[in-house]
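What follows is a set of notes on a single structure, which appears directly below.
What follows draws every value from the coordinates through simple rules; no lab data is involved. Computed from a predicted model, the values in this text were never measured in an experiment. Glycine also receives a Cβ, built like all others from the backbone with ideal geometry; neighbour counts cover every protein chain displayed.
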Amino acid sequence: MNIKERYLEAKKDYEKFGINVDKVLEDLKKVKISIHCWQGDDVTGFEVSQSELSGGIAATGNYPGKARNAEELRKDLDKALSLIPGKHKVNLHAIYAETNGEVIERDEIKPEHFENWVNWAKEKELGLDFNPTIFSHPKACDGLTLSHPNKDIRDFWIRHSIASRKIGEYFGKELGQTCVTNLWIPDGYKDIPSDRLGPRARLKDSLEQIYAVDINKKYNLDCVESKVFGIGAESYTVGSSEFYINFAARNNILSLMDTGHYHPTEVVSDKLSAMLLFNEKLALHVSRPVRWDSDHVVIFDDELKEIAKEIVRNDALDRVIIGLDFFDASINRIAAWTIGTRNMIKALLSAMLTPNELLKKYQDEGNFTERLALMEELKTYPMGDIWNYYCEKNNVPVGEAWIKEVKEYEENELSKRN
């Protein structure tokens, strides 16, 4: 059988549960994943005076062919996007500004430094998201930024964050797609602090100044990202989950949950339903922690599938903003983007092909036997045939065929980079 015939046969297995598979594929195509640009250059950025990675950020490996400038990075993204079904967004950090060789401090970045990105996004019909880069900088070298005791340092990062929000607003206006501007800081202490309240009070004050500047929510949505610990901040993190959840709720901005930013025994899939009860919208950074926040490439594992199920069965596809955040320098970077993004979409498809209402009914009735039995049987249903048809329908390679394209791109493009 060909791909279409396999699809038509597979549909029957799902239609017996009342699932309209054709509509599922139509709805899936509307979901935009925010694909992080920093996988393509190991979070290096293109500042004229680059700083070494700091703030708990580490990209391990030295696979050849990483992007050395914005033109190469966009070219690599073009290749990855050609292998991923659907139309999506690209997520930028402030360090990806293009300043034509001029040294521009981060508190002086402007929309004009991202014009090339906007023009590219318009051409490709993509949205853009944004992040202030509050790490890998001399003013972040001691691990403190917006919570720093030195007011001059805090003020520098406040100005940078405000400038970043204005760039996010510019993206939204130019592209007709609301930009999500996410703020994360590495602030914390390696050893047990003698003052936990003071740094958090300073961070609260800094954030209040940042978000006091009026930015049109039609064009830009703000969010804040927590973390349980980081390299150099093992004992205390200023921007904890409790801090940011409360700050976001009080200031009417979004909470962003990164799947690697919690204790190893915690899972974001379990948190989504609780957060959705009290928030109109949420944001995610999906990565794969291995023992700690190691940002491995997203695979089609149980937690990814559970995250997708929680989004779909709670009717939250338009309420949860899905972004990716991994960076692996040990494998081909275009392959990393492709693997991770296709798996995120695949997980959503799997969730949308699940008879969620029937499983909820079994649970409410206390029919745990049939609930477990059906959940297990569904694991071997022919979702792969539905996925392959979806890829073919979206004019991207089916199955493992994309690997050949990445190898050819590596031979023709990446291998020529020093």
message: Quick check: residue separation of Asn69 and Asn116 times 0.36 nm, minus the Cα distance between them. What number comes out in nm?
response: 15.7 nm
Residue of Tyr390, Tyr362, Tyr170 that the Gaussian network model of the chain assigns the largest fluctuation, springs spanning Cα pairs under 10 Å: Tyr362
message: Could you tell me how far the Cα centroid of region 119-194 sits from the Cα centroid of region 393-412, in Å?
response: 34 Å
- prompt: On a 0 to 90 degree scale, rounded to 10, what angle separates helix 302-313 from the longest Cα axis of the chain?
  reply: 80 degrees
task: Would you mind checking which residues have amide H under 5 Å from Asn91's amide H? H placed 1.01 Å from N; only 5 or more apart, or other chain.
output: Ile35, His36, Cys37, Asp129
message: Quick check: from the Cα gyration tensor, does region 33-352 come out rounded (a/c under 1.5), prolate or oblate?
response: rounded
query: Which ³J(HN,Hα) values in Hz, rounded to whole numbers, follow from the phi angles of region 351-365 under the Karplus curve 6.51 cos²θ - 1.76 cosθ + 1.60, where θ = phi - 60° and Gly and Pro get x?
result: 5, 6, 8, 9, x, 4, 5, 5, 5, 5, 4, 4, 5, 5, 7
- line: Between the modelled labels at Met375 and Asp301 (7 Å from Cα along Cα→Cβ) the distance in nm is 1.9 nm
task: Mind giving me the nanometre distance, one decimal, between the label points for Lys173 and Asn251, set 7 Å out from Cα along Cα→Cβ?
output: 2.3 nm
Helix-only mean residue ellipticity at 222 nm for the chain, each DSSP H run of n ≥ 4 adding -39500 (n - 2.57), per residue, nearest 500: -13500 deg cm²/dmol
field: Cross-link pairs Lys32/Lys227; Lys23/Lys217; Lys75/Lys227; Lys89/Lys151; Lys281/Lys404 - those with Cα-Cα distance over 28 Å
entry: Lys23/Lys217; Lys75/Lys227; Lys89/Lys151; Lys281/Lys404
- request: Quick one: which residues, 5+ away or cross-chain, put their amide H under 5 Å from the amide H of Gly260? H built at 1.01 Å from N.
  value: Ser287
- prompt: Residue separation times 0.36 nm, minus the C-alpha to C-alpha distance between Lys361 and Lys16: what's the value?
  reply: 122.6 nm
task: Anything over 26 Å Cα to Cα? Flag those among Lys218/Lys305; Lys110/Lys407; Lys166/Lys309; Lys30/Lys124, in the order listed.
output: Lys218/Lys305; Lys110/Lys407; Lys166/Lys309
- prompt: So what's the gap between the Cα centers of region 26-46 and region 302-334, to the nearest angstrom?
  reply: 11 Å
- line: Per the 1/(1 + (r/R0)^6) rule, R0 = 22 Å and r from the Cβ atoms of Cys141 and Ala58, FRET efficiency to 0.05 is 0.90
message: Can you give me the distance in nm between label points at Val290 and Arg319, each placed 7 Å from the Cα along the Cα-to-Cβ direction?
response: 3.5 nm
- prompt: What is the Cα centroid distance between region 223-255 and region 59-84, reported in whole angstrom?
  reply: 30 Å
